[in-house]
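Visitor: Submitted below is the structure of interest, expressed as structure tokens.
We did not get these values from a lab; they are worked out from the coordinates using the rules stated. Values in this document were obtained by computation on a predicted structure and should not be read as measured data. Positions of Cβ are generated from backbone atoms using ideal geometry, with glycine treated the same way; all protein chains shown enter the neighbour counts.
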Amino acid sequence: MYTMILPATALAAAVILIVLFYASGAVRYVGNNEVAVVEKLWSRSGSIRGGLIALKDEAGFQPDVLRGGFQFFMPFQYRLHREPLVTIPQGQIGYVFARDGRPLEPTQTLASNIAAHDFLDARAFLLAFGQKGPQRAILREGTYAINLAQFVIITRERIHGLKMDGEDAALFTNMATVISERGGFDAVVIKDADDKIGVVTVHDGPALPADQIIAPSVGDNPAVTATFHNSFQDPEKFLAAGGRRGRQLQVLVEGSYFINRLFATVEAVDKTLIDVGHVGVVISYTGETGVDTSGSDYRHGELVARGTRGVWSTPLLPGKYAFNTYAGKILMVPTTNFILKWDQQNVGPHKFDENLSEVSLITKDAFEPILPLSVVVHIDYTKAALVVQRFGDIKKLVEQTLDPMVSAYFKNVAQKRTLIELLQERSNIQEASGLEMKSKFAAYNLELQEVLIGTPRAAAGNNQIELILQQLRQRQIADEQVGTYQRQVLAAQKERELREAEAQARQQTAITESVLSIQVQENQGKANLARSQQEADQTRTVAQAEADRIRMLGEGEARKVVALASAEAERVTKVGLAQAEAIEKQAAASGGARYQLARQIAERFAEALEKSGVDIVPRISVSGGGDSSAAVPGGPVLQALMAMLMSEKAEGLAPDKRVQ
């Protein structure tokens, strides 16, 4: 009995010792997927005088953590708080809250950790004067063995940290809610297909000056290139480069960005799309004061260069722009022709004319029609900034300037014409208005392309114009009836011609045969005529040849006769000359020409008597008292001749005696 009680007592004592050993905390086991935060229950150095982490071996939470395996301690002096390792999934962000450290400065929202940047070493963090509170640095993907008494890690799945009290839990739950509302557990992803940009608002750092509403970009200066903030992903470098809290001018474009959402929030806004046929005039709310580039002749405001505050002189051309719409405004100005319609029923797609209505007129004869019209306008893209600076935007230009100007012009036109003239001269009025209003539009840096006038019509409740139009319609109907009657007469005439043509068609065979017969006879006559003409031509040719032959023979004979005559004449001339010379010599020998003539006459007379056979001496001579001339042949003639010869001779021989 005794022997059996002893082993049982020993076993119980052993169990008690084992229980007391484990209860004393002398040996602890930490899993490889855990981290153990050591809490010192008592110490010869006493308790912590300030803070939460005991850096000088005081009682309290120790800065160093324990990893996997068995750990040995002084019994009843230490307590271990085992927590799972902190794991941040890929693409997510973990936020760090430090429970101990230096307090934040009055201007700080998040704790700075330029020197104390290692959250895995709580001792180094505190010795580097790390600040308590939410940290600017974040944790990226990975697994971390962190002292969860000093640091609380907030992820999407859970809050990693030692539970202190109810208020402590509520603080971290609220932080997790704020981060979740801002989408802070995920990276900022801007996709190209979404055509979005990210507008960043920084919640930490120095405030902006009173005259600025947008924080300027930082990091563009070469002097601070080394501290550039990498698109707000490094808050410390952003602030060191001169970054300011507030909405930022720099935007985020396509890509993924791991940004601390407690430091900066990101708002996705649409890219600025400038369609073809438009330009964007930029009105910048930020930047330095620019130099006016509009020139001294422009008195409606200043135009400045890009990047400065004011209206940019150079507009943005068609395309997509990552423009921060909080830092400025882009007014779309159409550069293609656009139509402004003074018509309540029709509104253009650009909506510039949605408040325009028909122009109310008063004519010369006191009618009050309304006139719908359209105006085609063009804006030179190089002058778009001038138009915007002058009028604010295109809609204000239309409503405050073009509407009263155009309305007044057509009111003046209507007052000089009657209603009938206004209706009938619409084309002329339209052409004249286009020419006259070009200069007016040019004064506002606009190009007027065309003016299109509709038909004047009566206003609602006014039927006087309708009566006039009805009379005009009746007059037109009467004119049309007259024209109809004239056309009916013409139709009757055409019908008669048609009947004649039909009758002629029915007799077409006979007409064709007769026509062919006529053509045959005409052709025969033409053939006979041609034959006769050919024979006549032949006869004429033969006769002409014969005449030419006779003419040529005659001309030859004539030349022969002329030659013979010339020779004979020359012979006669020479014979005559010789005879004349002989006669002259004979006359000279005979005593003169008259004597010679008488002599020749006597010779001729003698030759004649000789040839005639008449006796010179009569054979019978009768004498008596009768006339003696009867007995001489030739009687008186011969006697006269002889007397003449004797008288001539006597004159030639004794002229002087004749004078006596």
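Visitor: What relative contact order, as a whole-number percentage, does segment 87-215 give when Cα pairs under 8 Å and 6 or more residues apart are counted?
Guide: Details: 187 pairs, mean separation 37.9, N = 129.
Answer for segment 87-215 is 29 percent.
Visitor: Scan (1) 18, 51, 29, 2, 0; (2) 11, 18, 14, 12, 10, 8, 8, 7, 5, 4, 3, 1, 0, 0; (3) 16, 47, 31, 5, 0 for the value of P(r) over Cα pairs in 20 Å bins from 0, in percent calculated from this model and give just the label.
Guide: Label (2) holds the value from this structure.
Visitor: For segment 258-303 and segment 552-583, what is the separation of their C-alpha centers, rounded to whole Å?
Guide: 131 Å
Visitor: Cut-off is 10 Å between beta-carbons; in what order do LEU85, LEU516, LEU361, LEU273 appear when sorted fewest neighbours first? Display every interim value, and only then the final one.
Guide: Values: LEU85 18, LEU516 10, LEU361 22, LEU273 14.
The order, fewest Cβ neighbours first, is LEU516, LEU273, LEU85, LEU361.
Visitor: What do you get when you divide the Cα radius of gyration of segment 188-270 by 2.2 N^0.38 Å, with N the number of residues? Can you show the working numbers first?
Guide: Values: Rg = 12.5 Å, N = 83, 2.2 N^0.38 = 11.8 Å.
Against the empirical 2.2 N^0.38 Å value, I get 1.06 for segment 188-270.
Visitor: Just to check I understand the Karplus step: with θ = phi - 60° and J = 6.51 cos²θ - 1.76 cosθ + 1.60, what whole-Hz values come out for segment 408-418, glycine and proline as x?
Guide: 5, 4, 6, 4, 5, 5, 5, 5, 9, 9, 6
Visitor: Also, quick follow-up: Gain in length, GLU570 to GLU480, computed as 0.36 nm per residue apart minus the alpha-carbon separation, to one decimal in nm? Numbers along the way, then the final one.
Guide: Numbers: separation 90, 0.36 × 90 = 32.40 nm, distance 10.56 nm.
Net length gain for the segment: 21.8 nm.
Visitor: Non-local amide H neighbours of GLN71 (under 5 Å, H modeled in plane, Pro and chain starts lacking H): which ones?
Guide: Under 5 Å from the amide H of GLN71 lie the amide H atoms of ARG28, TYR29, VAL30, each far enough along the sequence or on another chain.
Visitor: How high is the FRET efficiency from ASN174 to LYS329, r the C-beta distance, R0 30 Å, rounded to 0.05?
Guide: On the way: r = 37 Å, r/R0 = 1.24.
Efficiency, rounded to the nearest 0.05: 0.20.
Visitor: Taking other Cβ within 10 Å of each residue's Cβ, how do PHE323, PHE76, PHE238 sort, fewest first? Can you show the working numbers first?
Guide: Numbers: PHE323 20, PHE76 13, PHE238 27.
Ranked by crowding around the Cβ, least crowded first: PHE76, PHE323, PHE238.
Visitor: Relative to the longest principal axis of the C-alpha atoms of the chain, give the angle of the C-alpha long axis of helix 635-653, reported between 0 and 90° and rounded to the nearest 10°.
Guide: 80 degrees
Visitor: Another question, then. I need the calculated FRET efficiency for the pair LEU472 and VAL347, taking r as the beta carbon distance and R₀ as 35 Å, to the nearest 0.05. Mind dumping the intermediate values first?
Guide: Numbers: r = 31 Å, r/R0 = 0.89.
Efficiency at R0 = 35 Å is approximately 0.65.
Visitor: Once phi is turned into θ = phi - 60°, what whole-Hz ³J(HN,Hα) does the Karplus curve with 6.51, -1.76 and 1.60 give for every residue of segment 356-367, x standing for Gly and Pro?
Guide: With coefficients 6.51, -1.76 and 1.60, one gets 8, 9, 4, 7, 7, 10, 10, 7, 4, 9, 6, 7 Hz.
Visitor: On a C-alpha basis, how far is the centre of segment 383-436 from the centre of segment 159-190 in Å? Whole number, if you could?
Guide: 64 Å
Visitor: Got the relative contact order for the chain handy, in percent, Cα pairs under 8 Å and 6 or more residues apart?
Guide: Values: 990 pairs, mean separation 43.6, N = 660.
It comes to 7 percent, rounded to a whole number.
Visitor: Quick query: amide H of GLN449 versus all other amide H atoms, modeled in the peptide plane; which residues come in under 5 Å with a sequence gap of 5 or more or a different chain?
Guide: Hits under the 5 Å cutoff: VAL376, VAL377, HIS378.
Visitor: Return, ordered by residue number, the residues of segment 440-484 whose backbone nitrogen is under 17 Å from a label point located 7 Å along Cα→Cβ of SER427.
Guide: Answer for segment 440-484: 451-456.
Visitor: Sequence gap at least 6, Cα distance under 8 Å: using those rules, report the relative contact order of segment 257-365 to the nearest whole percent.
Guide: On the way: 164 pairs, mean separation 29.3, N = 109.
RCO, segment 257-365: 27 percent.
Visitor: 5 Å is the cut-off here: which amide hydrogens, built 1.01 Å from N in the peptide plane, fall below it relative to HIS278, excluding neighbours closer than 5 in sequence?
Guide: Here the answer is THR335, since their amide H atoms fall under 5 Å of that of HIS278.
Visitor: Residue by residue through segment 164-176, which ³J(HN,Hα) values in whole Hz follow from phi under the Karplus form 6.51 cos²θ - 1.76 cosθ + 1.60 (θ = phi - 60°), with glycine and proline marked x?
Guide: 9, 7, x, 5, 4, 5, 5, 4, 6, 5, 5, 4, 4
Visitor: Next up: Could you compute Rg(Cα) / (2.2 N^0.38 Å) for segment 329-384, with N its residue count? Numbers along the way, then the final one.
Guide: Numbers: Rg = 14.9 Å, N = 56, 2.2 N^0.38 = 10.2 Å.
Output field value: 1.47.
Visitor: Using only Cα positions of segment 13-181, each an equal point scatterer, no hydration layer, compute I(q)/I(0) via Debye at q = 0.09, 0.14, 0.18 Å⁻¹ and quote the log10 values to two decimals.
Guide: -0.34, -0.77, -1.19
Visitor: May I ask for the net charge around ILE283, where only other residues with Cβ less than 14 Å from the Cβ of ILE283 are counted and Lys, Arg are +1 while Asp, Glu are -1?
Guide: Working: positive: ARG306, ARG309, LYS329, ARG390, LYS396; negative: GLU302, ASP393.
Charge balance in the 14 Å sphere: +3.
Visitor: Moving to a separate point now. Where the centre of each part is set by its Cα atoms, how far does segment 335-378 sit from segment 101-143, in angstrom?
Guide: Value for the Cα centre distance between the two parts: 68 Å.
Visitor: Let me ask something else about it. What does the extension gain come out to for SER357 and ALA443, with contour length at 0.36 nm per residue minus their alpha carbon separation? The partial results should precede the final answer.
Guide: Values: separation 86, 0.36 × 86 = 30.96 nm, distance 2.39 nm.
Between SER357 and ALA443, full extension yields an extra 28.6 nm.
Visitor: Order these by the 10 Å Cβ neighbour count, fewest first: ARG390, ARG156, ARG306. Mind dumping the intermediate values first?
Guide: Values: ARG390 19, ARG156 15, ARG306 12.
Ranking ARG390, ARG156, ARG306 by Cβ neighbours within 10 Å, fewest first, gives ARG306, ARG156, ARG390.
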